[in-house]
Each structure stands twice: as structure tokens, then as C-alpha cells.
């Protein structure tokens, strides 16, 4: 009868066994790293996307796959073209037959500054494509604005002279030709709120076949209206 060695109990290190079970597999580790990266990117965009939304800039987030999982590529505009928003005509006429228009440059191509985009991006007004006359940067929150002075299609700004009245000969002391004939007229189609002095001074007239860019004098006579006066040399005047 053979001798059988007594059974010996093997000790087990439970802490070491638990540690082996808790260690993730390489695939699980990569997945967790990918999720953590996406979370960090999302947290970082929390401050960026609301600002873009307030400024009216449409954006897209691109996450591109790679051998190690995913990586963040960037924020890009949906459109490749610069965009004008909020175009507005001036409430009052700027001068005879002219009105000022404004608009804000909202969406800017990558690499362009807002001021550069403002200068190089045209806008259609009254069927014509126009570039800005000048641009103004009003700061981060208010943006960059373009300004246009439009001198066509502004019928409300086309003031005109009524009937011309001959007030007779007048003396002009100090001038070589001291005698002249004074012609006067009332300015018509003057819109409320427009600067009467500018509108009067810039409204042209045709008197007896002669063109005048504006009157020699402008007078606001209240209820009688705005009057323009021309002193025209006349050899028949004594």
C-alpha cells in the first residue's frame, strides 16, 4: 500500500486576484479614453457655441475617426460666403436724392477678418450690386457694419423747387457786378425730419436754361416753408 502525501492547503492572495479582475482590457481602456476625450471637447465647446449662436454664426462640429479612436477637427462655417444681415435704410434723407443704408457682416469666410469681409462683400440695393462706401467696427458684441450712400431710386429724397418768383433787381456791394436779379422758390417734397439746410443747399435748379447746383441762400420761414434764393447777374438791372 503506497504512501499518500497529506493534502496541503494553498494560500491565495485575494488582493492580487481582485486587482487582476479590476484591470480593464486594452479595448476597454481605449473606449474609455475616447469617451473622456469627447466629454472634454463637449465641455470646451459649451463656451464657444453659445457665443457663435448669439452672433448668428452657423457652425458645424466635425469629429473624424482615426486608428486610435476619434479626434476633434474643428468648428467650421456651413457657408463659404460672407453674409450681410439686418440691412436698414436711413430714417431720413442724407441729402438731395441720397439715403444711407447700413448692414452688419455676420458670417465670415475662414481666414478673413470682419473688416476685410465688409470691404470686399457687395450687397444688392435697388437691383444694383454695390460695395460699401466705408466700414465701422463697433466692437465684439455689436460687430462690423457697412455703410452705403445710395443716390438712385430714392424718390422721397428728391426734393424739388416750386414756381420761381422774380423779386426784381438787388444791389450786391463789394462785387464787380453789383447788380443782379433775385429769384426765389419754395422747396417741395421735403420729408419730415430731414435736415432742411442740407436738402435746400443740395437741391439743383434749372432757371431760364441755366443749371444751378443749389441756391445762394436758404431760408426757413416756418409755416411758409423753406425758401431758396438765387442772385443772377442781369445787365438790365441798373
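The values are calculated or read from the model by the stated rules, or taken from the named source; none is laboratory data. If you're wondering where the values come from, they're calculated on a predicted model, not measured in any experiment. Neighbour counts run over all protein chains shown; Cβ positions are idealised from the backbone, glycine included.
Determine whether residue 147 is assigned by TED's automatic domain parsing to the domain that holds residue 96, in contact with a strand residue (DSSP E or B) (Cβ under 8 Å, 6 or more places away or on another chain), touching a residue at least 40 places away in the same chain (Cβ under 8 Å) and not in a loop (DSSP other than H, G, I, E, B). Taking the combined requirement at face value, the residue satisfies it.
When you look at residue 180, is it closer than 30 Å to residue 230 by Cα and buried (at least 16 other Cβ atoms within 10 Å of the Cβ), yes or no? Against the criterion (closer than 30 Å to residue 230 by Cα and buried (at least 16 other Cβ atoms within 10 Å of the Cβ)), residue 180 qualifies. For residue 104, the test of being in a strand (DSSP E or B), within 14 Å of the chain's Cα centre (by Cα) and either at pLDDT 95 or above or within 30 Å of residue 204 (Cβ to Cβ) (or both) is passed.
Among the residues making up the range 182-208, those that are over 28 Å from residue 90 (Cα atoms) and modelled with pLDDT of 95 or more are 182, 183, 184, 206, 207.
Per the conditions (1) in contact with a strand residue (DSSP E or B) (Cβ under 7 Å, 6 or more places away or on another chain); (2) part of a strand (DSSP E or B), the sole criterion not satisfied by residue 163 is (2). Every listed requirement among (1) touching a strand residue (DSSP E or B) at 6+ places or on another chain (Cβ under 7 Å); (2) surrounded by 17 or more Cβ atoms within 10 Å (Cβ to Cβ); (3) closer than 30 Å to residue 101 by Cβ is met by residue 189 save one, (2).
With respect to the conditions (1) over 26 Å from residue 190 (Cβ atoms); (2) surrounded by fewer than 14 Cβ atoms within 10 Å (Cβ to Cβ), residue 126 falls short on a single one, namely (1).
Of the residues in the range 122-130, at least one is part of a loop (DSSP other than H, G, I, E, B), touching a strand residue (DSSP E or B) at 6+ places or on another chain (Cβ under 9 Å) and modelled with pLDDT of 95 or more. Looking across the range 192-213, just one residue is touching a helix residue (DSSP H, G or I) at 6+ places or on another chain (Cβ under 9 Å) and surrounded by fewer than 16 Cβ atoms within 10 Å (Cβ to Cβ), and that is 213.
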